[in-house]
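Have a look at the structure below before the remarks.
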Amino acid sequence: MGVQYRDIVGSLEKQLETDRRILEIQKSGINPALATQLVAIEDAAKVRLDSQYDRLNTVNEEIKAEEALNKGVTDRLLFLRNERDGLLNNLNIIETTLDKEKDRIIANDEINKKIREQIATQKEIESILAGGMTNAVMGLIEGSKTLGQVLADVAKQLASMFLNKAFSSIFSNMFSGGVSGIGPVASGSAYAGM
């Protein structure tokens, strides 16, 4: 029973640490699914890194033993030093690849967000145009509106949508401490608005 209890506690502590890391990543604005994916990638890399570090420690101990045993350079010592250099290179590659992979995933998520926003805007434009054209045809059939009035209504709806998005973006960036729609504002500098 004691072993099972320790296993359960160990498993719960590991899950708690994973959840803490996911929440920490989410604080930077990354969604939960992406944060979970990043933690999984880090965990997989950690297994590889730990294995490489364990082997590196063993090789370093063997090098010390070989140097203590033989005062000169032996074939075995050369082999161990080459293995150590290879392990150090592998560690560097794993760490660099991990950082690049995490950056790539985050960049792809940002691109996907922008694409989703563009698709939503496109659908909104399609809806405004479809509604406007329906009203235009109905107005023309009923004789209540001229073609110019109908096209002016559609243009007003589109202008309203674009202005709404522009102001939303400006105010969103202003209140989130980001940059304005025009460009970044340096800390402590004056800013002249429109």
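Rolling a 1.4 Å probe over the protein heavy atoms gives the chain an accessible area of 73 Å² per residue. Hull volume per residue, based on the alpha-carbon atoms of the chain and their convex hull, is 272 Å³. Using a Gaussian network model of the chain in which every pair of alpha carbons under 10 angstrom is joined by a spring, one finds that among GLN15, GLN118, GLN26 the greatest mean-square fluctuation is at GLN15.
The slack between MET133 and ILE41, meaning 0.36 nm per residue of separation minus the straight C-alpha distance, is 28.1 nm.
Our summary gives the chain a relative contact order of 12 percent, counting only alpha carbon pairs under 8 angstrom and 6 or more residues apart.
Taking one quarter of the surface of the C-alpha convex hull of segment 16-58 gives a mean projected area of 3.3 nm². Note on ARG21 and ASN164: the model spin-label points, each 7 Å out from Cα along the C-beta direction, lie 4.3 nm apart.
Seen against the Cα atoms of the chain and their longest principal axis, helix 147-175 is set at about 30 degrees. Taking the protein heavy atoms of segment 19-175 in the context of the full set of protein chains, the accessible area attributed to carbon and sulfur is 59 percent at 1.4 Å. Between MET161, MET174, MET138, the GNM of the chain built on Cα springs shorter than 10 angstrom shows MET174 fluctuating the most.
Shown here is the pair-distance distribution of segment 1-85: with all Cα-Cα distances grouped in 5 Å bins from zero up to the longest one, the shares run 3, 12, 13, 12, 10, 10, 10, 9, 9, 7, 3, 1 percent.
Contact order, relative form, for segment 43-155: 21 percent (alpha carbon pairs under 8 Å, 6 or more residues apart, mean separation divided by residue count). Taking Cα atoms only, the orientation of helix 75-142 departs from the longest principal axis of the chain by about 10 degrees.
Restricting attention to the chain, the count of lysine pairs at 8 or more positions apart or across chains with alpha carbons under 16 Å apart stands at 11. Residues considered: ILE170, ILE115, ILE22. Largest GNM mean-square fluctuation over the chain, using C-alpha springs under 10 Å, is found at ILE170. Mean separation of Cα pairs under 8 Å and 6 or more residues apart, divided by the residue count, gives segment 51-117 a relative contact order of 35 percent.
Stretching THR121 away from ALA155 to a fully extended chain increases their span by 10.7 nm, per 0.36 nm per residue minus the current alpha-carbon distance. By the helix-only formula, in which each DSSP H run with n ≥ 4 contributes -39500 (n - 2.57) and the sum is divided by residues, the chain has a 222 nm mean residue ellipticity of -30500 deg cm²/dmol. Translational diffusion of segment 67-123, estimated by Stokes-Einstein from the Kirkwood radius over alpha carbon pairs at 25 °C in a medium of 0.890 mPa s, is 159 µm² per second.
The values are calculated or read from the model by the stated rules, or taken from the named source; none is laboratory data. On a predicted model such as this, the values are computed, not experimentally measured, just so you know. Every residue, glycine as well, gets a Cβ built from its backbone with ideal geometry; the counts of neighbours run over all protein chains shown. To get the accessible areas, we keep the full protein, side chains included, count just its heavy atoms, and leave off ligands, DNA and RNA. Shrake-Rupley method; radii C 1.70, N 1.55, O 1.52, S 1.80 Å.
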